[in-house]
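**Q** What follows is a structure written as structure tokens; I'll ask about it next.
The values are calculated or read from the model by the stated rules, or taken from the named source; none is laboratory data. This one's a predicted model, so the numbers in the text were calculated from it and none came from an experiment. Cβ coordinates were reconstructed from backbone atoms using ideal geometry, including for glycine residues, and neighbour counts include every protein chain displayed. All accessible areas refer to the heavy atoms of the entire protein, side chains included, with ligands and DNA or RNA removed. Shrake-Rupley method; radii C 1.70, N 1.55, O 1.52, S 1.80 Å.
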Amino acid sequence: MARIEWAMWANEQAVVSGVCLLMGSIIGVAGAFKNWEFSAFAIIVSVFVLVLEWPRGKRQKGKTLERKFQIHLAKLLNMMVPVSSNYYARFIIHIILSIPCCFLLPTIMGGMSLMMAAVIYLVGTIQIAIVFLIIKQAAIKGEEWQPVGLEKKVGEQVVTDVSRPTRPPPRSPRPAERHIQDNAV
Amino acid sequence: MGHRLMNEGLKWLFFSLWLIANIAIFIATFLKFYTRKEYYYTREILREALPIAKGSAAGLNLNSMLILIPVCRNLISFLRGSVFCQCCKRNVRRQLDKNIAFHKLCAYMICFWTIIHYFAHTFNFERYWLAHESTDNSTGGLYSTLSNLPSQPNGTWINPIRPTTSATNPMLELVKNIAGYTGVIITIPLILIMSSATEIIRRSYFEVFWYTHHLFIVYYIGLVTHGLGNVVRLQINIDDHDPEYCKDYYEEWGTPARPECPIPQFSGDGASSWKWVLAPILLYIVERIMRFVRGMQMVTISKVIKHPSQVIELQMRKPGFTMEAGQYIQIQCPSISRFEWHPFTLTSSPKEDFFSIHIRLVGDWTNALAEACHVNEDGLQDPGKMPRLAVDGPYGTCSEDAYRYQTVMFVGAGIGVTPFAAILKDIWYKHCDHNHQMKLTKVYFYWISSDTHSFEWFADLLGSLEDQMENAGKSDLLTYNIFLTRGWNTRQALNIVTNVDKERDVITNLKHKTQFGRPKWEIEFDKIARMHQGTRIGVFFCGPKSLSKELHNTCNRFSDASTATHFVYNKENF
């Protein structure tokens, strides 16, 4: 059984709760609910959570599907390593931020689901800890957030001036090889 | 546009019906709570938030009812095979293949209504709380009077936040109120289900998706109990107490000074969700019991064959098992996981005395299964050493419909070729059987693969079919086009070029030559459309989504109302 990367689910859950919290907090402020100050705070929380969680971390195996425009935020998060990359830190941050959100009706749902996201992050870190205790190998690297797409620029070769093949495949490899050699500069 | 309507009209009709039902039920419920006199005082306190919350609740009931039906596989299979459906047109039955799409659609709608319902109720709760708090008789006198109606055993109260409450803010009141806490209890699982059903989780960590989806049990329990608190009240004595008239004289209610305004009596609306969801829940329970019973039946693995390119074939026997070509089964292996069921297409023909599946070893589960079947051990495998398997099914898919067309196109990409293995075999058997009248006269088979190795195991089958057809002089029944998109190295390319004039293909050893690169669908469709003018041509596809979309569009583009040439697109669903 391959290990489930709980952080991937926690990330989805946190993004959903961020959106939920943003809607709730705007309604809380606009509807002038009693103790609406909490929802003003929740607006800041939800924006913070969305910024923190929008860039998807790199999966340990296989391709990672990036969210739209995540590259810009990933650069930002990459500057704040290790706070932004440690999943245990995320668990603490989410738990602390979600508690005040539970004091107001329109934000309670967002707050509770953010708490769920934190719990899923905790499950992920506990799993790592258990694996670590069983195998007792210091070399095992813990699960942590790693940017996707930032490494692309290294080693990328821009190939220009490739003339269109004139014959449909299958082509004899010899002219093809020559063709590649001609183009390799 | 015309041909698009011809092919897709029914789908859009169903979609519109569902959408109209959603809008209609919202508007009907909205108007009921917006206009009825019984809710006059409740509306006084809650204003528009009441009808909005109630309308969205009705939408939730409707979709919670519908969402369970498309996931009842046995029911869908039964419907497809039932007499009623056999009579109705292909196009109607084709809609049954879109069950998962409909399930998702209902799920999106549930999320939408939940958002509206939740936020409307936050306003409601806040307004009940404000009414409860208001003591100033000059402005909030009516609210205060309504909130302080005497509590009686049969309940004349209207404000669920009672004057005797010890809670000091709305949040504490929320946890005491049944509608409040069940609301939280059902929304949290809903959000968890949603976040774990996103594509990345579903594809990469299927277990997370599968287990979290079972929180639907919590959701339904919460949904049914959510209304038990009778929080929204209706007035039951409007004949004695006309709210529109009496609201201005709230200080004199129940006094001799104003006998026409006795104290208003209220009662709960009653929980009604169970009426909506009871039938589908029962259906679903029956469905799960059927799956369980079928899973308990004995299955013996009679043969395990290891094919090249990481494909194994399992041949199995099960008493009382009947199948049709193109169907699929669900397999569970208790020694790997007790809860995971995996779908596989049957590759054997109904005429054979066993049933077989081809499994590509790509994931954890499939590799564990191969391990359990001792695939990598040499020599004859001992049947006693085989793992216990549970088989559920077979379930029908649209490929059974192939027999209803005169001309069909089968397109299989990669491992998606498996359903066509069974169908091609079956078509051949039926074709040879002279007692059997078959409508089908021409089969175009397209197989697109990116890997030369996957040709090895399937080419055997095609080769034997080719030989049989030639011997019987019926080689015009089947035309196949095999496309190799990549994966040849320079030596193979050289080999291909030098052997291009030989009779048999170098890769598949078949008479039909392998083509290289991707098929140009425009050319293919154009050719077929011209050869079979004025007929309905079934297009069947199994493979990745992007190609499905392309084929679907091409089908619609090449269907022509003026010549009555019709490409009907069908997709295998997993």
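**Q** Quick one: which residues, 5 or more positions from B:Q515 or on another chain, have an amide H under 5 Å from its amide H? H modelled 1.01 Å from N in the peptide plane, none for Pro or chain starts.
**A** Counting only residues 5 or more places away or on other chains, the set is B:I482, B:F483, B:L484.
**Q** Ok, one more. How big is the A/B interface in buried accessible area, both sides summed, 1.4 Å probe, to the nearest 100 Å²?
**A** Details: alone 12400 and 28620 Å², together 37460 Å².
Result for this pair: about 3600 Å² buried.
**Q** Hey, another quick one. Under the classification rounded if a/c is under 1.5, otherwise prolate if a/b is larger than b/c and oblate if not, where does chain B fall, given a ≥ b ≥ c as square roots of the Cα gyration tensor eigenvalues?
**A** Numbers: a/c = 3.13, a/b = 2.35, b/c = 1.33.
It is prolate, given that a/c is not under 1.5 and a/b is the larger ratio.
**Q** Now, a different point. Quote the relative contact order of region B:296-395 in percent (integer), defining contacts as alpha-carbon pairs under 8 Å separated by 6+ residues. Could the numbers behind the result be given before it?
**A** Working: 183 pairs, mean separation 35.0, N = 100.
Once divided by the residue count of region B:296-395, the mean separation gives 35 percent.
**Q** What ³J(HN,Hα) values, in whole Hz, does the Karplus curve 6.51 cos²θ - 1.76 cosθ + 1.60 give for region B:230-246 when θ = phi - 60°, with x put for Gly and Pro?
**A** Going residue by residue, I get 6, 6, 8, 10, 10, 7, 9, 10, 5, 5, 7, 10, 7, x, 5, 8, 7 Hz, with x marking Gly and Pro.
**Q** While we're on this one: Whose amide H sits under 5 Å from the amide H of B:I263, counting only residues 5 or more places off or on another chain, with H placed in the peptide plane?
**A** Amide H neighbours of B:I263, under 5 Å, 5+ apart: B:G254.
**Q** Also, I was wondering about something else. Please determine, in degrees from 0 to 90 and to the nearest 10, the orientation of helix B:2-35 with respect to the longest principal axis defined by the Cα atoms of chain B, where the helix direction is its Cα long axis.
**A** That works out to roughly 10 degrees.
**Q** Which parts of region A:19-33, residue by residue, lose 40 Å² or more of accessible area when the rest of the protein chains are there, as against the chain isolated (1.4 Å probe)?
**A** Correct list: A:M23, A:I27, A:F33.
**Q** Oh, and also: Over chain B, with the other protein chains present, what is the accessible area per residue in square angstrom, probe 1.4 angstrom? Mind dumping the intermediate values first?
**A** Details: 26790 Å² over 574 residues.
Spelled out: the 1.4 Å probe surface of chain B, per residue, equals 47 Å².
**Q** Oh, and also: Below 10 angstrom from the Cβ of B:M298, what's the summed charge of the other residues (Lys, Arg +1; Asp, Glu -1)?
**A** Charge balance in the 10 Å sphere: +3.
**Q** Taking the Cα centre of region B:2-286 as origin, sum charge times position over the Cβ atoms of Lys and Arg (+1) and Asp and Glu (-1), and report the length of that vector in debye to the nearest 20.
**A** I would put it at about 1980 debye.
**Q** Scaled to the compact-protein estimate 2.2 N^0.38 Å, what is the alpha-carbon radius of gyration of region B:152-236, rounded to two decimal places?
**A** Numbers: Rg = 17.8 Å, N = 85, 2.2 N^0.38 = 11.9 Å.
It is 1.50.
**Q** Continuing with the same structure: Assuming a ≥ b ≥ c are the square roots of the Cα gyration tensor eigenvalues, decide whether region B:2-286 counts as rounded (a/c under 1.5), prolate (otherwise, with a/b larger than b/c) or oblate. Write out the running numbers ahead of the final one.
**A** Details: a/c = 2.85, a/b = 2.03, b/c = 1.40.
Judged from the Cα gyration tensor, region B:2-286 comes out prolate (a/c at least 1.5, a/b above b/c).
**Q** Tell me, Kirkwood radius of region B:119-273 from alpha-carbon pair distances, in Å?
**A** Working: mean 1/r = 0.0552 Å⁻¹.
Taking the inverse mean of 1/r over all distinct Cα pairs, region B:119-273 comes out at 18.1 Å.
**Q** Grab the other residues whose beta carbon is less than 12 angstrom from that of B:W365, score K and R as +1, D and E as -1, and report the net. Each step should come with its number before you reach the end.
**A** Values: positive: B:R360; negative: B:E207, B:E340, B:D364, B:E371.
Net charge around B:W365: -3.
**Q** Something else: Classify region B:296-395 from the C-alpha gyration tensor, please: rounded if a/c falls under 1.5, else prolate or oblate depending on whether a/b exceeds b/c. Write out the running numbers ahead of the final one.
**A** On the way: a/c = 1.37, a/b = 1.26, b/c = 1.08.
Verdict is rounded for region B:296-395.
**Q** A further question follows. Go through B:Y429, B:Y220, B:I158 and say which Cα lies farthest out towards the positive end of the charge dipole of chain B; charges sit on Cβ, +1 for Lys and Arg, -1 for Asp and Glu.
**A** B:Y429
**Q** Would you compute, from DSSP H runs of 4+ residues alone, the mean residue ellipticity of chain B at 222 nm, taking -39500 (n - 2.57) per run and dividing by the full residue count, rounded to the nearest 500? Mind showing how you got there, number by number?
**A** On the way: 21 runs with 281 residues, N = 574.
Helix-only estimate at 222 nm: -15500 deg cm²/dmol.
**Q** A follow-up question, please. Longer than 22 Å from Cα to Cα, which of B:K37/B:K176; B:K11/B:K571; B:K442/B:K571 are they? Say none if no pair is.
**A** B:K37/B:K176
**Q** Assuming R0 = 45 Å, can you tell me the calculated FRET efficiency for the pair B:R288 and B:E244, based on Cβ-Cβ distance, to the nearest 0.05? Walk me through the numbers before you get to the answer.
**A** On the way: r = 52 Å, r/R0 = 1.15.
My answer for the efficiency is 0.30.
**Q** Sorting check: for B:465-471, A:5-11, B:15-21, which peptide has the highest mean count of neighbouring beta carbons within 10 Å, and how do the rest follow? All intermediate terms of the calculation are to be shown ahead of the outcome.
**A** Details: B:465-471: 15.0, A:5-11: 24.9, B:15-21: 12.7.
Highest-to-lowest ranking by the protection proxy: A:5-11, B:465-471, B:15-21.
**Q** Right, something else. Hey, what did chain B get for relative contact order, percent, Cα under 8 Å, at least 6 apart?
**A** That works out to 11 percent.
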